[in-house]
Amino acid sequence: MTGPHQTTSPMSGRHGSAMNQRTLVTGGAGFIGSHLVDLLLQRGDRVTVVDDLSTGNRSNLPDAHPNLRFIEASVDAALKSFGPGEVFDEVYHLAAAVGVQLVINEPIRSIHTNIEQTAALLRFVADRAAPEHPAATFIASSSEVYGKGVKAPFAEDDDVLYGPTTIGRWSYACSKAIDEYLALAYHARHACPITIARFFNTVGPRQVGEYGMVLPRFVRDALLGEDLTVFGDGEQTRCFCDVRDVARTLPVMVSESRCRGRVFNLGSDQPISISALADLVIEVTGSASGKRFIPYESAYESGFEDLMQRQPDLSRIRDAIEFQPRIPLAETILDLAAHIRDAAPGNQP
């Protein structure tokens, strides 16, 4: 039995057994989404994945599984195609623009994706909600919502501070904040059981570096024997959490009534500088690579601003579900390196 401060197993559903539970995952072919789908299929859910494959990859999902339905489409297009009888027990909204580089390069697409697709998903959940059994819904947010931050570590009820609208990187923070406002409004006005988590630097197998993600970029370069590129002076600190720790936590949050209508930080709270991260990658992979430092302006845009610290306060989630990451960063690096090697063109069948 689950007590006031015990963690529900991610392999159980809201009603005990999750067998034949109907679950929708948007962005399910992406990095975090595909790990979540693996767990949901393992517990017996009938999973519908919606992904337009703009940043996700169909190969992240099983080729054929009797309980998996894959729809290649935008979220709003897929939802419009569902018949009136199409209802779900749980909904996980992970579809979003990802990565600083993508936000800088394609700001219009990123803003439209984050706001419009979330709005469509929330309308769908509210319209299909049965009073006796509304879909428990998870909305993915980001630590970017904190903007420049007013103190460290970041707590969910802290004020937020953004830079000017002329600096494009803050558009992502604003768009994810709008997602949170919308989700909380749907919870308050339509009684939708909605839970929100702000991800902090989730890393691990299946993550790619094309969109500005630092760890897969470091690991790839270390495996190639190339110098690891560090932006700025490398003294900025981040907290990295393995995707498998994050994915196993999402069904627990969705099934826990104390998480509904609330925002949670989700990640590790153990900081490491980016320069030290590069050193750790070189050590763990046994690489002969060195490091090179370049200004942010050379990597992104003139006037780009970054935070020196990005560390979550995890008090709220630990109180709700006793969350604790299990996988050490060195193990994550090894597993990510193995995934990158296996995905290399010469290793494809």
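The values are calculated or read from the model by the stated rules, or taken from the named source; none is laboratory data. From a predicted model like this one, the values you see are computed outputs, not experimental measurements. Glycine gets a Cβ as well: all are built from the backbone with ideal geometry, and neighbour counts include every protein chain shown.
Pairing each residue of the range 56-70 that is over 16 Å from Phe31 (Cα atoms) and in contact (Cβ under 8 Å) with a residue 12 or more places away in the chain with any residue that is in a helix (DSSP H, G or I) and among the β-branched types (Val, Ile, Thr), provided the two are 6+ apart or on different chains, yields C-beta distances under 9 Å for Leu68/Val37. Checking each residue in the range 127-150 for being of a type outside the set (Gly, Ala, Ser), out of contact with any helix residue (DSSP H, G or I) (no Cβ under 7 Å at 6 or more places or on another chain) and outside any strand (DSSP E or B) picks out Asp127, Arg128, Pro131, Glu132, Pro134, Tyr146, Lys148, Val150.
Whether a residue is crowded, with 19+ Cβ neighbours inside 10 Å and over 28 Å from His190 (Cβ atoms) was assessed, and Leu61 passes this test. Residues that are under 20 Å from Val246 (Cα atoms) and among the aromatic types (Phe, Trp, Tyr) were ranked within the range 179-210; the one that is farthest from the chain's Cα centre (by Cα) is Phe200. Could you tell me which numbered condition Thr55 fails, if it satisfies all but one of (1) part of a loop (DSSP other than H, G, I, E, B); (2) hydroxyl-bearing (Ser, Thr, Tyr); (3) in contact with a Lys or Arg (Cβ under 6 Å, 6 or more places away or on another chain)? Answer for Thr55: the failing condition is (3). Could you identify the single residue in Glu86, Glu90 that is at pLDDT 95 or above and not basic (Lys, Arg)? Just one listed residue meets the conditions, Glu90. For the range 216-237, state whether one or more residues are under 20 Å from Arg310 (Cα atoms) and under 14 Å from the mean Cα position of the chain (by Cα). No: zero hits.
Residues checked against (1) in contact (Cβ under 8 Å) with a residue 60 or more places away in the chain; (2) part of a loop (DSSP other than H, G, I, E, B):
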{"site": "Val91", "(1), (2)": "yes, no"}
{"site": "Ala97", "(1), (2)": "yes, yes"}
{"site": "Val103", "(1), (2)": "yes, no"}
{"site": "His112", "(1), (2)": "no, no"}
{"site": "Glu116", "(1), (2)": "no, no"}
{"site": "Ala120", "(1), (2)": "no, no"}
{"site": "Val125", "(1), (2)": "yes, no"}
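Taking the numbered list (1) within 18 Å of the chain's Cα centre (by Cα); (2) at pLDDT below 95; (3) surrounded by 16 or more Cβ atoms within 10 Å (Cβ to Cβ) in turn, Ile139 passes all entries but (2).
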